[in-house]
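First the structure, in the form of structure tokens, and then the observations on it.
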Amino acid sequence: MDEGRRISPFAEDTLALLTEAAGGSGEDLAKDEALEVIQADEHFGEADAQAALTELESRGHIYYVDETVRITPTDE
């Protein structure tokens, strides 16, 4: 993996939850839905969900278009 895109295990778990809920990489979810998906996991609270989304965005794994979270397509 590209060093600039490396993320914490916490964010990796979040990305897996979002990717599964959206139906794969390259797909999207409404931001509210993304937060609900993350918080539905017993390991994540609201602050955790926000922190994970921030990390994923800063590393290029997700991006926002209006109020939609889009998962950056991968070659994997």
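Between 22, 16, 47, which is surrounded by 14 or more Cβ atoms within 10 Å (Cβ to Cβ) and of a type in the set (Gly, Ala, Ser)? Quick ask: steps written out before the conclusion?
Values: 16 fails: surrounded by 14 or more Cβ atoms within 10 Å (Cβ to Cβ); 47 fails: surrounded by 14 or more Cβ atoms within 10 Å (Cβ to Cβ).
Every option except 22 fails the conditions.
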Filter result for residue 25 (of a type in the set (S, T, N, Q), out of contact with any Cys (no Cβ under 8 Å at 6 or more places or on another chain) and modelled with pLDDT of 95 or more): no
Residues within segment 1-52 that are over 12 Å from the mean Cα position of the chain (by Cα), assigned to a loop (DSSP other than H, G, I, E, B) and closer than 23 Å to residue 66 by Cα, tallied: 1
Residue list for segment 50-67, filter: touching a strand residue (DSSP E or B) at 6+ places or on another chain (Cβ under 9 Å) and surrounded by 14 or more Cβ atoms within 10 Å (Cβ to Cβ): 53, 56, 57, 61, 62
Of all residues in segment 56-76 being in a loop (DSSP other than H, G, I, E, B) and of a type in the set (D, E, K, R), the one that is nearest to the chain's Cα centre (by Cα): 59
Segment 50-62 residues that are farther than 19 Å from residue 40 by Cα, paired with ones that are surrounded by 14 or more Cβ atoms within 10 Å (Cβ to Cβ) and not hydrophobic (A, V, I, L, M, F, W, C) (beta carbon under 7 Å, 6 or more apart): 60/72; 61/72; 62/70; 62/72
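The values are calculated or read from the model by the stated rules, or taken from the named source; none is laboratory data. Keep in mind that what you see is a predicted model, and the values were worked out from it rather than measured. Ideal geometry is used to build each Cβ from the backbone, glycine not excepted, and the neighbour counts take in all protein chains shown.
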